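Structure first, commentary second.
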Amino acid sequence: MAKAAPDGLITALDIGSSKISAMIAQKGDGGELVVLGTGQRESRGVKRGYIADMDATEVAVREAVEQAERIAGLNIENVWAGFSAGGLVSDEAFIEAELGGMRIEQADIDALLHEGRQAIDPQGRMVLHAQPALYTLDGLTGVKKPLGLHADRLGVHIHVIAADGSPVRNLDLCVRSAHLEVKSIIASPVATGLACLTEEERDLGVALVEVGAGITNVSLFAGAMLVGLKSIPFGAADITDDIASAFGTTRLQAERIKCFHGSANASPRDNHEMVTIRERTDDEDSEALQITKAALIHVIRQRLEHLMGEVQAALKELRFEGPVGRQVVLTGGGAELKGIADYAQQALGRSVRIGRPRGLTGLPEAHSGPGFATLAGLAFFAASDPIDLRGLTPTPQMVHRQRGLRGFWKLVQAAKANY
């Protein structure tokens, strides 16, 4: 019989286009996260990150969570859910207060953050995150802990991520319909970055490319926060559909062929290696169908060429270039395709590595690949107990507000100030 959940328990829920996965974790004595149970179900009601069938998604959510509960031997009541659909936007606001050279007290920081709440302008969108990132002292950027220092002016960069309201409300309603409380809805790129990027990478500048089933999110990190974000409305499932269409097979069979025989890299011997697309049956009109591995890889690379072209365009639009624009981390279920890191490195002209979840104790081998980075990151986000300005109550304070400090290079400069 399952027990009631103890204090400090964290349940992460990743609702994706191909799978819905759940993880129950708890902080260990040393502060590490220990995985107690995981669950996974096929996602049937989610298209391109959006919930398209409420009933089907609700059933999959409930079954994934129940599987994790059985393994953990616990009953849970609330979850931290990830949101990965398009429409996510990342912005930054900066506010500053005059201190007259006084020593910074906690009350000064609290007052600044309260005023920062009023500086948020979501422009009709729903705010998912509103967090203090880096502080400034008399114009010096990159200060993480201003408490106890003297300054004439104290400022703070506030990181804001917002999304279209209706898809977020649908996700919230779906989870609640499965009889679960929603602790918070987290932008997937934020969670994924916590799981597979090092702290130094997030500080110095890195691009995270998450290739999901139905959507690919390209996000930039610098100064320890997400500073740019763009969504591309296709992903790994489109490669599967291309295979199914090209060779007249089912999506299920095409996915199996992609996983077992597919690759992003071609070699001369691929012209001689045969892949069985369809076995012969007892039906008189049925014939076995085989293709060369080279033909399969050709179809895969056609879609990858399109995808990497879109990723390159997104990186250019986000101004990820110059000396810091060299490191790309590829993650998501699409990053499990054989040889994709080498292909991406050649296509993008940048150093590319595969990002896998790290830092979790007891994570099952089946859930340790890049396809589960978001799920792990949701647990890390919950465990970090971040400050969110949306939960603060405004208080009167004379503050000089400055907008428009949104450029990637300004944040890179802030990151460099830490070294």
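Data for the structure
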quantity	calculated
Lone qualifier among L204, L180, L194, L173 - being over 14 Å from A224 (Cβ atoms) and either among the aromatic types (F, W, Y) or open to solvent by 40 Å² or more (accessible area, probe 1.4 Å) (or both)	L173
Odd one out for K145 among (1) at pLDDT 90 or above; (2) open to solvent by 20 Å² or more (accessible area, probe 1.4 Å); (3) over 13 Å from F94 (Cα atoms)	(1)
Test: residue in segment 275-296 that is surrounded by 12 or more Cβ atoms within 10 Å (Cβ to Cβ) and among the acidic types (D, E)	no
Any chance M308 is of a type outside the set (D, E, K, R), open to solvent by 80 Å² or more (accessible area, probe 1.4 Å) and either at pLDDT 90 or above or assigned by the TED database to the domain that holds L13 (or both)	no
Selection count, segment 316-341, where residues are over 18 Å from C196 (Cα atoms) and either touching a Cys at 6+ places or on another chain (Cβ under 7 Å) or modelled with pLDDT of 95 or more (or both)	2
Flag for H150 being more than 14 Å from the chain's Cα centre (by Cα) and touching a residue at least 60 places away in the same chain (Cβ under 8 Å)	no
Candidate set: segment 112-134, residues that are farther than 30 Å from S231 by Cβ and touching a Ser or Thr at 6+ places or on another chain (Cβ under 9 Å); chosen: the one surrounded by the fewest Cβ atoms within 10 Å (Cβ to Cβ)	H114
Residue among V65, V59 that is over 22 Å from the mean Cα position of the chain (by Cα) and surrounded by 16 or more Cβ atoms within 10 Å (Cβ to Cβ)	V59
All positions within segment 68-79 that are open to solvent by 70 Å² or more (accessible area, probe 1.4 Å) and of a type outside the set (K, R)	I71, N75, E77
Residue count for segment 9-49, restricted to those that are at pLDDT 90 or above and either touching a Pro at 6+ places or on another chain (Cβ under 7 Å) or not in a loop (DSSP other than H, G, I, E, B) (or both)	27
Residues within segment 357-373 that are outside any helix (DSSP H, G or I) and among the hydrophobic types (A, V, I, L, M, F, W, C), tallied	2
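The values are calculated or read from the model by the stated rules, or taken from the named source; none is laboratory data. In this text the structure is predicted, and so the values were computed from the model without any measurement. A quick note on method: Cβ atoms are made from the backbone with ideal geometry, for glycine too, and the neighbour counts reach across all protein chains shown. These area figures cover heavy atoms from the full protein model, side chains too; ligands, DNA and RNA do not enter into them. Shrake-Rupley method; radii C 1.70, N 1.55, O 1.52, S 1.80 Å.
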